[in-house]
Amino acid sequence: MISTNNFKTGVTIQSDGNLYSVIEFQHVKPGKGPAFVRSKLRNLRTNAVLDKTWRAGEKVAPAHIDKDKMNYLYAMGEIHVFMNNESYEQIEIPQQNIEQQLNFIVEGMEVNVISFEGEILGVDIPEKVTLLVAEADPAVKGNTATSATKDAILETGFKVQVPLFVNQGDKIVVNTSTGKYDTRA
């Protein structure tokens, strides 16, 4: 069991029959009354975010999440196929489980497939990925007193704002948590 006093960002717990990952937590000691822990949790099955308050020292069950390194192979309609690098076992994940991550995954990319007791929950991707710019609007001269940006479409179909000097065919680094341009590769 994990005490709510020992919460850390990224800890996974089981509560009310669901699996949660701790996104934020704050230990609060009011002037009057007992201490409590205010937390923000992400449901690992639905990706919904939940605010929950716990009594300080309350015990919750830990959830042991397995992460397996796998390569993304291909999409087959609404199903996406991944292969284990060691056993060559292939698994299929429905598109709705990895909707957000698909904006940053290309064929052949190595990712961590997250599972709990054999149930596949989703895909964990690196914080920053390098992707090819498939389309980019031409740079327009004009008011560039501030940092001017333009639209670009990446090889995954994801649309991102990039600086004017980025052209079609360039490789750029994108932050996967914010979905924003980071730097040129």
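From the list ILE93, ILE79, the lone residue that is surrounded by 14 or more Cβ atoms within 10 Å (Cβ to Cβ), assigned by TED's automatic domain parsing to the domain that holds SER115 and either within 21 Å of the chain's Cα centre (by Cα) or of a type in the set (A, V, I, L, M, F, W, C) (or both) is ILE93. Listed conditions (1) exposed (fewer than 11 other Cβ atoms within 10 Å of the Cβ); (2) within 30 Å of ILE105 (Cβ to Cβ) are all met by GLY33, apart from (2).
Filtering the range 1-20 down to residues that are without any contact (Cβ under 8 Å) to a residue 24 or more places away in the chain and not charged (D, E, K, R), which residue is nearest to GLY57 (Cα to Cα)? In this case the residue turns out to be ASN6. Criterion applied to SER15, SER39, SER87, SER21 was being farther than 14 Å from PHE116 by Cβ, of a type in the set (Gly, Ala, Ser) and surrounded by 14 or more Cβ atoms within 10 Å (Cβ to Cβ), and the one residue passing it is SER39.
A residue that is without any contact (Cβ under 8 Å) to a residue 60 or more places away in the chain, more than 21 Å from PRO126 (Cα to Cα), out of contact with any Lys or Arg (no Cβ under 7 Å at 6 or more places or on another chain) and assigned to a strand (DSSP E or B) occurs nowhere in the range 42-49. Meeting the requirement of 3 or more residues that are free of Cβ contacts under 8 Å to residues at least 24 places away in the same chain, the strands (runs of 3 or more DSSP E) wholly within the range 51-166 are 79-84, 90-94, 149-154, 159-163.
From the list ALA134, ALA139, ALA152, the one residue that fits, being touching a Ser or Thr at 6+ places or on another chain (Cβ under 9 Å) and small (Gly, Ala, Ser), is ALA134.
The values are calculated or read from the model by the stated rules, or taken from the named source; none is laboratory data. Predicted model, so just to flag it, every value in this text is computed and none were measured. Every residue, glycine as well, gets a Cβ built from its backbone with ideal geometry; the counts of neighbours run over all protein chains shown.
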